[in-house]
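The structure appears right after this line, and notes come after that.
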């Protein structure tokens with residue numbers, strides 16, 4: 001069982017570059033989430049989606065965009081990367097009355 | 001969203017029981033209490049979830065008093081591999097808008113030989 005798969009696992013960017021992080025889940029979950037985790041801290045919600053074609057802002061949405069064109073995929077985009085976006089990014093998915101299932105994260109460094 | 005408060009860190013020894021208490025004074029009627037475990041370089045992993053009284057599964061027990069303003073995660077006979085960060089979260093998992101969870105700083109549990 002793959003569960004939640006994040007691509008890539010590691011990436012180094014230069015300030016101003018753009019990139020897209022991909023999250024894929026094979027559990028037919030309706031809800032998907034993007035979090036960031038900074039050193040020694042808990043996870044903070046960036047954006048989330050309650051279904052295909054829908055997205056909503058979380059706690060720290062600035063500087064990020066998302067898309068949910070297919071139910072199984074949730075993309076997180078950085079249009080113009082900034083050093084403050086250096087972090088570990090986690091994707092999660094769930095259904096109603098279920099706990100969230102997390103991927104193993106994408107480590108992103110922005111120089 | 002209900003805010004949670006839990007100890008920053010706890011030390012224990014192999015074979016001992018570890019109890020982590022989480023305070024959530026503003027818990028709402030429809031909120032559930034969920035605990036996650038996170039190892040370094042991995043995403044959080046679901047441990048246990050409950051609404052009231054006691055819940056037990058193969059890895060942990062969750063005790064919730066009648067007023068639901070706190071909860072205690074109990075890990076029986078811990079081993080070195082239980083060294084991790086444990087997060088207590090409170091939220092309504094039934095909401096159609098999805099269970100947006102607020103992660104606090106968690107409790108770092110160190111199990112010593």
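Does region A:61-71 include one or more residues that are out of contact with any strand residue (DSSP E or B) (no Cβ under 7 Å at 6 or more places or on another chain), part of a strand (DSSP E or B) and free of Cβ contacts under 8 Å to residues at least 40 places away in the same chain?
Looking through region A:61-71, none of the residues is out of contact with any strand residue (DSSP E or B) (no Cβ under 7 Å at 6 or more places or on another chain), part of a strand (DSSP E or B) and free of Cβ contacts under 8 Å to residues at least 40 places away in the same chain.
I'd like to verify a number: residues in region A:73-87 that are more than 14 Å from every other protein chain (Cβ to nearest Cβ) and either part of a strand (DSSP E or B) or crowded, with 16+ Cβ neighbours inside 10 Å (or both), how many?
Residues that pass the stated criteria total 8.
Before we move on, is residue A:50 farther than 19 Å from residue B:92 by Cα and touching a strand residue (DSSP E or B) at 6+ places or on another chain (Cβ under 6 Å)?
no
In region A:88-99, what count of residues is obtained for those that are facing chain B (nearest Cβ under 7 Å), buried (at least 19 other Cβ atoms within 10 Å of the Cβ) and touching a residue at least 60 places away in the same chain (Cβ under 8 Å)?
Looking only at that region, the number is 2.
Looking at B:101, B:80, B:89, B:62, can you tell me which residue is at pLDDT 90 or above and buried (at least 19 other Cβ atoms within 10 Å of the Cβ)?
It is B:62.
From B:56, B:4, B:83, B:29, which residue is on the phi < 0 side of the Ramachandran plot and either within 14 Å of another protein chain (Cβ to nearest Cβ) or under 12 Å from the mean Cα position of the chain (by Cα) (or both)?
Only one candidate qualifies: B:4.
Find the residue count for region A:20-36, including only residues that are crowded, with 16+ Cβ neighbours inside 10 Å, part of a strand (DSSP E or B) and more than 8 Å from chain B (Cβ to nearest Cβ).
The number of residues fulfilling the criteria is 7.
Test of understanding: among B:105, B:43, which residue is within 20 Å of residue A:102 (Cα to Cα), facing chain A (nearest Cβ under 9 Å), in contact with a strand residue (DSSP E or B) (Cβ under 6 Å, 6 or more places away or on another chain) and in a loop (DSSP other than H, G, I, E, B)?
Every option except B:43 fails the conditions.
May I ask you to list the residues in region B:1-19 that are assigned to a strand (DSSP E or B) and surrounded by 20 or more Cβ atoms within 10 Å (Cβ to Cβ)?
Within region B:1-19, just B:18 meets the criteria.
The values are calculated or read from the model by the stated rules, or taken from the named source; none is laboratory data. All values derive from a computational prediction rather than experimental measurement. Glycine also receives a Cβ, built like all others from the backbone with ideal geometry; neighbour counts cover every protein chain displayed.
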